[in-house]
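Taking it in order: structure first as structure tokens, then the write-up.
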């Protein structure tokens, strides 16, 4: 599952690479949903289902241990101090993501905002049931499955370093 898939280029690429997988994508931005649908239509990819709604509410309805992998790339950083309470990665949401992963399932995240990366790292390292895949409990190398997206290229142009995080659900 990819949460906040933007224009869908990453989710479409994964779905094409792994036709045997059932892929889920969640996005509230209607043009992004349309973009993904066009990509899937053009390539004949049919293993993706889309949630075009508030993903938090929807995820709360799902049973435990359902997903092998959850990907969140470049979530809205809400950079102003007064906005940071709106950031997606908060303790309750991290616990929900952990609950949805199968034991051994992987949570992959990336951001190009250093202070958000620090917040994400602190929250996820403190989430019971999640284990950072890095021995030093720090940032991870870029996962092999993550393609360079438009959002990441924009961050690079702005001189932002990308911080990847990777966690596994404990049994």
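The values are calculated or read from the model by the stated rules, or taken from the named source; none is laboratory data. This is a predicted model, so every value here is computed, not measured. Here Cβ is always computed from backbone atoms with ideal geometry, including for glycine, and neighbour counts include all displayed protein chains.
Residue by residue, here is whether (1) in a helix (DSSP H, G or I); (2) outside the structural domain of residue 89 (by TED's automatic domain parsing); (3) in contact with a strand residue (DSSP E or B) (Cβ under 7 Å, 6 or more places away or on another chain) holds:
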site	(1), (2), (3)
108	no, no, yes
120	yes, no, yes
137	no, no, no
147	no, no, no
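Those residues that are within 22 Å of residue 141 (Cβ to Cβ) and surrounded by fewer than 15 Cβ atoms within 10 Å (Cβ to Cβ), I need them from the stretch 91-109; list them, please.
Matches in the stretch 91-109: 104 only.
For the stretch 88-103, give me each residue that is out of contact with any strand residue (DSSP E or B) (no Cβ under 8 Å at 6 or more places or on another chain) and farther than 17 Å from residue 27 by Cβ.
90, 91, 92, 95, 96, 99
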